[in-house]
Amino acid sequence: MYDTIGSAETREVGAQALRTRGTLVKLGVHGPARWEDTPVYFKKLTLTGSDAFGVQQVGGRRQHAIAHFLELSQAGRVDLTPLLAHTFGLDNWDAAFEALADRATSGAIKVAFDRGRVRA
């Protein structure tokens, strides 16, 4: 299982959802936090990290992983629309931060600003 957020809550959910002897790969960086880690002990889980921002070889080309990602997304080979829950105009920045602050109500996962948009 991959934890792309890296918060205490997502680590707890991941550890609880995994099968015995499963592996939780922490990709997201969320800062220091305490979390309920007893499932790691009782279920004999493996917790590991991954540096997703190194140099990678894709299609015979070696370059930074972010450069590969940007090229793939610009070419339309990666569909990012499911990740983006909300888009706001820059003049509506306060609503964007409210959506992030109250994710339980808004359902926000990722929020972006669209410079060309006036209102969200």
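The values are calculated or read from the model by the stated rules, or taken from the named source; none is laboratory data. In this text the structure is predicted, and so the values were computed from the model without any measurement. Neighbour counts run over all protein chains shown; Cβ positions are idealised from the backbone, glycine included.
Structural remarks
- Residue check: residue 80 meets all listed conditions (1) out of contact with any strand residue (DSSP E or B) (no Cβ under 8 Å at 6 or more places or on another chain); (2) more than 25 Å from residue 65 (Cβ to Cβ); (3) modelled with pLDDT under 80 but one, namely (2).
- The set of residues in region 48-64 being modelled with pLDDT under 90, over 21 Å from residue 1 (Cβ atoms) and exposed (fewer than 13 other Cβ atoms within 10 Å of the Cβ) consists of 54, 55, 57, 59, 64.
- Taken together, 67, 75 contain a single residue that is farther than 30 Å from residue 19 by Cα and exposed (fewer than 10 other Cβ atoms within 10 Å of the Cβ), which is 75.
- Enumeration of residues in region 88-120 that are closer than 29 Å to residue 56 by Cβ and among the β-branched types (Val, Ile, Thr): 109, 111
- For region 16-47, the set of residues classified as polar (S, T, N, Q) and surrounded by fewer than 10 Cβ atoms within 10 Å (Cβ to Cβ) consists of 20 only.
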